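Reviewing the structure listed below.
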Amino acid sequence: MALIEGHRAIDAPPGVEIWDIDPYDPDVQRSPSAFYAALRAKGPFVYLSRYGMLACGRYAETREVFSDHSRFVSSRGVGLQDFQLDSPWRPPSIVLEVDPPEHGKARRALMRALSPKAVAEMRDSFQIAADALLDEVIETPEIEAVSALAETFPTTVFPKAMGLLTVDRQVLIDYGSMVFNALGPDNETRRAAMAHAGDIVPRIAAQCERANLAPNGMAMTIYKAADAGDITEGEAGLLVRSLLSAGVDTTVTGIGNALWCLSQNPDQFDALRAEPSLATNAFEETLRYTSPVSAFCRTANADTEVAGVAIPEGAKILCVLGAANLDPGQWENADRFDITRKVAGHLALGAGIHSCVGQNLARAEGQAFLSALARKVARIEPTAEAVWRPNNAMHPLDRLPLRLIPA
Ligand code: HEM
């Protein structure tokens, strides 16, 4: 059987438009809004002819496919590869890339480590770190905000919260880049990210070992689940790996994208300054408006149907969260960045049993950062065009040149 990018190509289902676009083209990835709009306009699903698979971007169908774990499984991979037919580059995640009942055990162990109570205890230290970082950075009027702020803040607070005893920020960022880019095809973006694998994978594996973790961090809470007999020691290591995989590039992108949104919409930054308690909603609206995780796949586990479209067993479906989060059928003035809107229901953190288990932590980071920004900065001025970085599953910035005027 011929595979395309590790999955079996299906034929276009009747009534579904055949589209020759490459969603993984770097130009599409840098500037995806036209792709998002066309995807929604073409119907509930399109057939991506070069990958022999489906894609959806309207809110209702994207939510249905992404959250219905019994028909659309994650155990066959959330990227282009079908793990039943092709081997993944690393042992699969025991939380993201599994289905019930296995999923529940791992998920429970993570939820304990990332509970609202556990995250509440971190809030003060996040705020102190965000305030200190902004105090330092506004000494220099012109910055490149991706490296100066978006990468620095999460890689300061997250490893500490995890309890990592040695921290190499770049290794954490590069590992996240590998994990997300590996979900796409064997393109230049994926190859560039994977080029560092030989060096980075063993270093990440070492960071996940019990001996390399502080006694009071989130990672050790996961090992305590192993001590209690809820999971094995090996599973604990893999769950720590899941947090290192998913907990850095996502928040780096979320914070960078928030800075971009606020720099492009000075009226919204003024509103945030006038009411810093809007920080939480401003971060949430950033997630809706820019979808840091832009698209993940599901695989149909049996013949089924959605919105009248027949979907055969084995079909890969690209669920374009970025398009669903901008669907005008779901959101009033969907294309407007509005930090006061009711943003509940967006898909940027997923939906259903796999919805982001780190969302409390991500929100706490975003809230601390934006609250410090609102109090310490009077104006954010772009000094050059922002540059977006191609990525096979995310929508991150590469460079964001800004001038921060102190309050
Ligand atoms: C703004 C930041 C973040 C965004 C946009 C984000 C986005 C997402 C999305 C869309 C999913 C669903 C994947 C799916 O259903 O296939 C997910 C799951 C997950 N996220 Fe996040 N995430 C963020 C931050 C974090 C953080 C900080 C952590 C760890 C501390 C984390 C850990 C995870 C894990 C382990 C899963 C898998 C959960 C499961 O399968 O049950 N994420 N995230």
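The numbers here are math on the coordinates, done by the rules we state, and not lab data. The shown structure was predicted, so the numbers you read here are calculated from the model rather than taken from an experiment. Methodologically, a virtual Cβ is constructed for each residue, glycine included, from the backbone with ideal geometry; neighbour enumeration extends over all protein chains shown.
Odds and ends about this structure:
- The chain: mean projected area of Cα convex hull, nm²: 18.5
- Tensor-based shape of the stretch 259-407 (alpha-carbon gyration tensor, a/c under 1.5 rounded, otherwise prolate or oblate): prolate
- Which of Ala364, Ala300, Ala148, positive extreme of dipole for the chain (C-beta unit charges): Ala364
- Cut-off 14 Å between beta-carbons: net charge of the residues surrounding Val387, Lys and Arg +1, Asp and Glu -1: -1
- Euclidean distance between Cα centres, the stretch 15-56 to the stretch 197-260, Å: 34
- The distance between label points at Asp398 and Ala307 comes to 3.2 nm (points 7 Å beyond Cα on the Cα→Cβ vector).
- In the structure shown, the pairs Lys160/Lys316; Lys160/Lys376; Lys316/Lys342 are assessed against 29 Å; a Cα-Cα span above that value is assigned to Lys160/Lys316; Lys316/Lys342.
- Other residues whose C-beta falls under 9 angstrom from the C-beta of Leu326 contribute a net charge of 0, scoring Lys and Arg +1 and Asp and Glu -1.
- Shape call, the stretch 127-168: gyration tensor on alpha carbons, a/c limit 1.5: prolate
- Per-residue ³J(HN,Hα) for the stretch 171-176, Karplus 6.51 cos²θ - 1.76 cosθ + 1.60, θ = phi - 60°, Hz, x for Gly and Pro: 5, 5, 5, 5, 5, x
- Taking Asp338, Asp267 and counting other C-beta atoms within 10 Å, the order from fewest to most: Asp267, Asp338
- For the stretch 34-123, GluC sites (Glu not before Pro) are listed when DSSP marks them as loop and at most 14 other Cβ atoms sit within 10 Å of their Cβ; the list is Glu121.
- Three-way shape label, the stretch 274-347, alpha-carbon gyration tensor, a/c 1.5: prolate
- Between amide H atoms placed 1.01 Å from N, distances below 5 Å from Ile311 occur with Thr304, Glu305, Val306, all of them 5 or more places distant or on a separate chain.
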